[in-house]
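Enquirer: After the structure tokens below, expect a handful of questions from me.
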Amino acid sequence: MKTLKIAIQKSGRLNEKSVEILKNCGLSFENYKSSLISSVTNFPLEILFLRDDDIPEYVQDGIADLGIVGENIIQETNAQVSYLQKLGFGKCSLKIAVPVDSNIAQISDLNGKAIATSYPNILGEYLFKNKISAQIRNISGSVEIGPGLGLSDAILDIVSTGGTLKSNGLKPFVEVMQSEAVLIGNKNIETNSNVMELLQRIQSVLRAKNTKYVVLNIQRKNLEKIIGLLPGVKSPTIVPLFESEWVAVHSVIEEQDFWEKINALKAAGAEGIVVMPVEKIIA
Ligand code: PRT
Ligand code: ZN
């Protein structure tokens, strides 16, 4: 079977996490800043390091079989690719923002206004859907200075903390889309067994990342109270302790309701709670 190619960002916000997830899948490769291509030594895969803007088209055209890129870029380039897996990093949202003292108060107020952005296609589609006739000023960087320079009345840009908007005297007005890094694939390679293998590895890393391994001690008489709180992968493991009225319980907890569960376990009589990271969960 031919060697697969995966395109990831060469440098920038998605580079580190993209490399990390591939390494956590057990893939072994060199990651020199200067190289454009790197061979994985223990899997039939080559890694191409590219500008993020080029990744969707490389995958669409089959130059790369797979890619890791933000949904914002896929949408903007309108590349025809398969979405294989959301990856949980690079989260941000594309928002229209206006100067803090602007009198733009509702979407229809954008009629006749100029909006600066590096995402002309996403903006054009949003305006069309909302029947707004506004001028799109396509600029490639530092969009947030547009209103201050008198270039535009509003902007459409990526926002994560909102700090950049604030320091430029802007406020978010409306969210146009949310985005995160995703694994994409060329439309023709979905059934390839090496792609499936890689996808399964990525999914097991993601599942583990959202999960903690928990060990605790509890008196047998209180066991019923906590079982419902700890489903485990199948069900919790119960191990007898030397003191016969006590048992140790081993289980896993999802990251999102971690503290809620820990507090409920303590309230139900759990003691000596030990929490450990999980490396992989194989489905
Ligand atoms: O060189 P290359 O073309 O590969 O990279 P790039 O400079 O075009 O992109 P890069 O590395 O900045 O971002 C890559 C991807 O990260 C984006 O396409 C998004 O999917 C995602 N991402 C997540 C972000 C942000 N968060 C983000 N905050 N991309 C950009 N920003 C910028 C935003 O443009 C604005 O200037 O950060 C600023 C806003 O941040 P806050 O925190 O002040 O709101
Ligand atoms: Zn870019």
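Enquirer: Please find, within the range 77-94, the residue that is surrounded by the most Cβ atoms within 10 Å (Cβ to Cβ) out of those that are in a strand (DSSP E or B) and out of contact with any Lys or Arg (no Cβ under 8 Å at 6 or more places or on another chain).
Expert: LEU94
Enquirer: Only one of GLU175, GLU180 is open to solvent by less than 40 Å² (accessible area, probe 1.4 Å), under 30 Å from LYS129 (Cα atoms) and of a type in the set (D, E, K, R). Can you tell me which?
Expert: Numbers: GLU175 fails: open to solvent by less than 40 Å² (accessible area, probe 1.4 Å).
Answer to the selection: GLU180.
Enquirer: Counting only residues that are over 16 Å from ILE104 (Cβ atoms) and either among the hydroxyl-bearing types (Ser, Thr, Tyr) or touching a residue at least 40 places away in the same chain (Cβ under 8 Å) (or both), which one in the range 148-164 is surrounded by the fewest Cβ atoms within 10 Å (Cβ to Cβ)? Can you show your working first?
Expert: Initially, the range 148-164 is screened for residues over 16 Å from ILE104 (Cβ atoms), giving 149, 158-164.
Add one more test, that the residue is either among the hydroxyl-bearing types (Ser, Thr, Tyr) or touching a residue at least 40 places away in the same chain (Cβ under 8 Å) (or both), and what stays is 158-161, 164.
Details: ILE158: 19, VAL159: 19, SER160: 12, THR161: 8, THR164: 16.
Residue satisfying both the conditions and the ranking: THR161.
Enquirer: May I ask you to verify whether GLU271 is free of Cβ contacts under 8 Å to residues at least 24 places away in the same chain, open to solvent by 80 Å² or more (accessible area, probe 1.4 Å) and over 26 Å from the mean Cα position of the chain (by Cα)?
Expert: Values: free of Cβ contacts under 8 Å to residues at least 24 places away in the same chain: no; open to solvent by 80 Å² or more (accessible area, probe 1.4 Å): yes; over 26 Å from the mean Cα position of the chain (by Cα): yes.
Considered against the rule, which asks whether it is free of Cβ contacts under 8 Å to residues at least 24 places away in the same chain, open to solvent by 80 Å² or more (accessible area, probe 1.4 Å) and over 26 Å from the mean Cα position of the chain (by Cα), GLU271 comes out as no.
Enquirer: Moving on. Being polar (S, T, N, Q) and touching a residue at least 12 places away in the same chain (Cβ under 8 Å) is the filter; apply it to the range 185-200 and report the residue that is surrounded by the most Cβ atoms within 10 Å (Cβ to Cβ). If you could, list the steps in order and put the result at the bottom.
Expert: Start the filter on the range 185-200 by keeping residues that are polar (S, T, N, Q), which leaves 186, 188, 191-194, 200.
Narrowing the set further to residues that are touching a residue at least 12 places away in the same chain (Cβ under 8 Å) leaves 186, 188, 192-194, 200.
On the way: ASN186: 23, ASN188: 10, ASN192: 18, SER193: 8, ASN194: 17, GLN200: 13.
The qualifying residue surrounded by the most Cβ atoms within 10 Å (Cβ to Cβ) is ASN186.
Enquirer: Moving on to the next point. Show me the helices (runs of 4 or more DSSP H) found entirely inside the range 168-283 where at least 3 residues are in contact with a Leu (Cβ under 9 Å, 6 or more places away or on another chain). First the steps, then the outcome.
Expert: Values: elements: 193-209, 223-227, 258-267.
By residue number, 193-209, 258-267.
Enquirer: Also: Restricting attention to the range 38-62, which residues are outside any strand (DSSP E or B) and either more than 16 Å from ligand 2 (Cβ to nearest atom) or surrounded by fewer than 18 Cβ atoms within 10 Å (Cβ to Cβ) (or both)?
Expert: To start, the set of residues in the range 38-62 that are outside any strand (DSSP E or B) comprises 40-44, 51-62.
Those that are outside any strand (DSSP E or B) and either more than 16 Å from ligand 2 (Cβ to nearest atom) or surrounded by fewer than 18 Cβ atoms within 10 Å (Cβ to Cβ) (or both): VAL40, THR41, ASN42, PHE43, PRO44, ARG51, ASP53, GLN60, ASP61, GLY62.
Enquirer: Which residue is modelled with the lowest pLDDT, if the candidates are limited to the range 247-260 and must be out of contact with any Lys or Arg (no Cβ under 9 Å at 6 or more places or on another chain) and buried (at least 18 other Cβ atoms within 10 Å of the Cβ)?
Expert: From the range 247-260, those out of contact with any Lys or Arg (no Cβ under 9 Å at 6 or more places or on another chain) are 248-251, 256-257, 259-260; that's our starting set.
Add one more test, that the residue is buried (at least 18 other Cβ atoms within 10 Å of the Cβ), and what stays is 249, 251.
Details: VAL249: 95, SER251: 92.
The residue in question is SER251.
Enquirer: List pairs: first in the range 1-28 and closer than 11 Å to LEU45 by Cα, second open to solvent by 20 Å² or more (accessible area, probe 1.4 Å) and of a type in the set (Val, Ile, Thr), Cβ under 7 Å, 6+ apart or cross-chain?
Expert: Between residues of the range 1-28 that are closer than 11 Å to LEU45 by Cα and residues that are open to solvent by 20 Å² or more (accessible area, probe 1.4 Å) and of a type in the set (Val, Ile, Thr), the close pairs are SER28/THR41.
The values are calculated or read from the model by the stated rules, or taken from the named source; none is laboratory data. Quick caveat: nothing in here was measured; it's all calculated off a predicted structure. Note that we place each Cβ from the backbone using ideal geometry, even for glycine, and neighbour counts take in every protein chain shown. The protein model used for the area step is the full one, side chains on, heavy atoms only, and it has no ligands, DNA or RNA in it. Shrake-Rupley method; radii C 1.70, N 1.55, O 1.52, S 1.80 Å.
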